[in-house]
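Take a look at the structure below.
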Amino acid sequence: MWLVFVLILVGIVFNFQRKNGRLFKQPPVSESPLATTTPPLGPPATPPGQSGPVPTPPQKSSGPTLRLAAANAYAANPSAEYILLENIDYENKQKITISGFKLQNRDKLTATIGQDENGASITLDYGERTIIITGESPLGYNFKINKCSGYFNQRAAISPQIYAICPSVSSLSLPRNLNNACINYIESLPVCTMPTINADTGINNDCAEFVQAHASYAACVADYKNDKDFDKKEWRVYLGKNFDFWNNRHDLIQLFDPAGKLVTEISY
């Protein structure tokens, strides 16, 4: 009798489990009161490959628009190595003083743009440019090109060479006391050339005096300095370095104003 009762009870339990699952069902892991959710990690404070915080980019200058060009930065000689800086401020056409601006290369070496031969600040008008040479000035100073500057090519090795656009001596009003031999000699003179006059030149004293009074840089300036087109739109600025400032293959050229703000930059 007890055996029958036990068998009936086992059957009831078995039938209940088949319909409703396990009698003592374990809760899933996600429902366990001990389970916790780990919040996702935020972005790393330092990008991979860097040992410190990301450097803050330099502030940009709000002055007139200037443009850099690598030009001959690839040269292996500081006297031939140069870059270009041009005022392209088309909208406002503002002039800008560049004396005191700093150039910086990829290695963080800097060079400061100096002043002109008279100690005055160098200013670029709209449309003007400066050739910035790494080496020493063969003339000892920075200068602006004018219609007489071609005479400098005879005095020193200037790179890049200055265009020979000097007015010819023969274009001047010639005195009446000059003879035909003198006039022929004057007409044969190359522009931007100060000739050497001696006994073999074949001209008289009047002719020699006239040529010496007009065929030189200083004389040319005296004759033409009041012309509207006397000044040209180009400066020659020298950094005074005795080594290559720019890398011969790849570099970063940055220009900063005196306040330390980035004006413009290029890479090559």
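The values are calculated or read from the model by the stated rules, or taken from the named source; none is laboratory data. Computed from a prediction, not measured in an experiment: that's the story for all the values here. Don't worry about glycine lacking a Cβ; one is built from the backbone with ideal geometry, like all the others, and counts go over all protein chains shown.
Okay, residues lined up against (1) of a type in the set (A, V, I, L, M); (2) surrounded by 20 or more Cβ atoms within 10 Å (Cβ to Cβ); (3) modelled with pLDDT under 95:
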residue: Thr123; (1), (2), (3): no, no, no
residue: Arg129; (1), (2), (3): no, no, no
residue: Glu136; (1), (2), (3): no, no, no
residue: Leu139; (1), (2), (3): yes, no, no
residue: Ser149; (1), (2), (3): no, yes, no
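State yes or no: is Val191 farther than 17 Å from Gly150 by Cβ, out of contact with any helix residue (DSSP H, G or I) (no Cβ under 6 Å at 6 or more places or on another chain) and not in a helix (DSSP H, G or I)?
Details: farther than 17 Å from Gly150 by Cβ: no; out of contact with any helix residue (DSSP H, G or I) (no Cβ under 6 Å at 6 or more places or on another chain): yes; not in a helix (DSSP H, G or I): yes.
No, not satisfied.
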Considering only residues that are assigned to a loop (DSSP other than H, G, I, E, B) and either in contact with a Gly (Cβ under 6 Å, 6 or more places away or on another chain) or closer than 18 Å to Lys232 by Cβ (or both), which ones fall in segment 94-131?
Lys95, Ile98, Glu117, Asn118, Ala120, Ile122, Asp125, Tyr126, Gly127, Glu128
Only one of Ala208, Ala215 is more than 19 Å from Tyr163 (Cβ to Cβ) and modelled with pLDDT of 95 or more. Can you tell me which?
Ala208
Which of the residues belonging to segment 194-228 are within 13 Å of Cys148 (Cα to Cα), among the small types (Gly, Ala, Ser) and assigned to a loop (DSSP other than H, G, I, E, B)?
Ala215, Ser216
Need the failing condition index for Cys182 against (1) buried (at least 18 other Cβ atoms within 10 Å of the Cβ); (2) outside the structural domain of Ala222 (by TED's automatic domain parsing), just the number.
(2)
Would you mention how many residues in segment 229-268 are part of a strand (DSSP E or B), within 11 Å of the chain's Cα centre (by Cα) and not aliphatic (A, V, I, L, M)?
5
Counting only residues that are under 11 Å from Ala70 (Cβ atoms) and of a type in the set (A, V, I, L, M), segment 237-253 contains a total of 2
Of the numbered conditions (1) farther than 23 Å from Arg236 by Cβ; (2) at pLDDT 95 or above, Ala71 satisfies every one except a single condition; which is it?
(1)
Somewhere in segment 179-188, is a residue β-branched (Val, Ile, Thr), in contact (Cβ under 8 Å) with a residue 40 or more places away in the chain, part of a helix (DSSP H, G or I) and over 22 Å from Lys232 (Cβ atoms)?
no
Residues being part of a strand (DSSP E or B) and either aromatic (Phe, Trp, Tyr) or over 18 Å from Lys233 (Cβ atoms) (or both) - total across segment 139-163
1
If you check Gly202 against the conditions, is it at pLDDT below 95 and either in the same structural domain as Ala71 (by TED's automatic domain parsing) or more than 26 Å from Leu109 (Cα to Cα) (or both)?
yes
